[in-house]
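Quick note: the coordinates plus some simple rules give every number you see, no bench work behind them. Computed from a prediction, not measured in an experiment: that's the story for all the values here. FYI the Cβ positions are ideal-geometry reconstructions off the backbone, even for glycines, and counts take in every protein chain you see.
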């Protein structure tokens, strides 16, 4: 809970019929503060800026609003200028990173959304496109949500204004110092073959690979410990990563948001574009980055759940520990989140420091008890606003939900069987 009184929304659970090795309910793992279900309304969750020196105007309730565009930049809003259903994949969008304060939304969201603009607007000025997209986003954002976003920004600003970082080099993306050479080479080549060359796939849709250098892991662990020491000394009440973890810290909240944005945009999105296209892997535009801590004096385990993400990166930072294995039990849509696990979906995975696991957020999983030592993991929940908006209008998720796939195959089998019976009936009638 923040000093401003913001609280994480309680999780919702439902009964489940799953294997006996899995708890009886799947938890919709939710970050704090809880993002709304609507994709566009979700874009500012956990995306407060590092500084807030903007002169942007505010509405009567204190929420940051983008300044009105000059008359010459007001764009038409008739039907010819509606957002496109499919993106223009050949269009190279502008960067909006330097406009974050006046826009009030994540810059990555604007770059992602730009590909969906109508053709007539793609070549407009950057300010014109930004104002046009802001108008759209504000129509999706309620007054209450804008207030929550503003309070979260103020909460972050209080931390960043007072906390002194231990390792400032962590706050910018220095890829050669962060990642192992094999991972950098694979991302640089950016092909299915290059990714496959450094990854194993112990179960369909779960990818494991060497990612972080030991030195980076050590620095990030030290930075987190330094932050928690500051929290303890100042008695500052912080938001924990989600409703399931009582320990850990949100990295975005004390200044690491820009670095994690780069991690998602330049390293995770290229991989997700290849392996998770059906859940918005190519349009990831926002994230929630945090560390979780497990041990006898920390959180011990983590219940069976799905993440509030399209794609999740989970990297073990250390330290020495035993236990704490991840268990995976298949990908499910909301309707089938508690359906039975099939034998081929069962995977237990042991963490190794520096090694990453990448999977769909809807891949049901949990963590077994850490029986000794201290285990700390870096989590990056990557989200696609476009995918979440499109998902509202979908009823069939057989492209990625294993239970939807099974139901679809069963319907097809029944249809074929019914057709055969009808043909046999007609043949029998003709013969008689």
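Neighbour counts of other Cβ atoms within 10 Å put 83, 238, 376 in the fewest-to-most order 83, 238, 376. Sorting 351, 232, 91 from the fewest to the most surrounding beta carbons within 10 angstrom yields 232, 91, 351.
Packing-based ranking of 242-255, 126-139 yields 242-255, 126-139, ordered from highest to lowest mean Cβ neighbour count within 10 Å. Ordered by the number of other Cβ atoms lying within 10 Å of each residue's own Cβ, fewest first, 340, 193 fall into the sequence 193, 340. Distance from the C-alpha centroid of the range 102-136 to that of the range 265-334: 30 Å, rounded to the whole angstrom.
For the range 98-143, the Kirkwood radius over C-alpha pairs fed into Stokes-Einstein at 37 °C and 0.692 mPa s yields D = 299 µm² per second.
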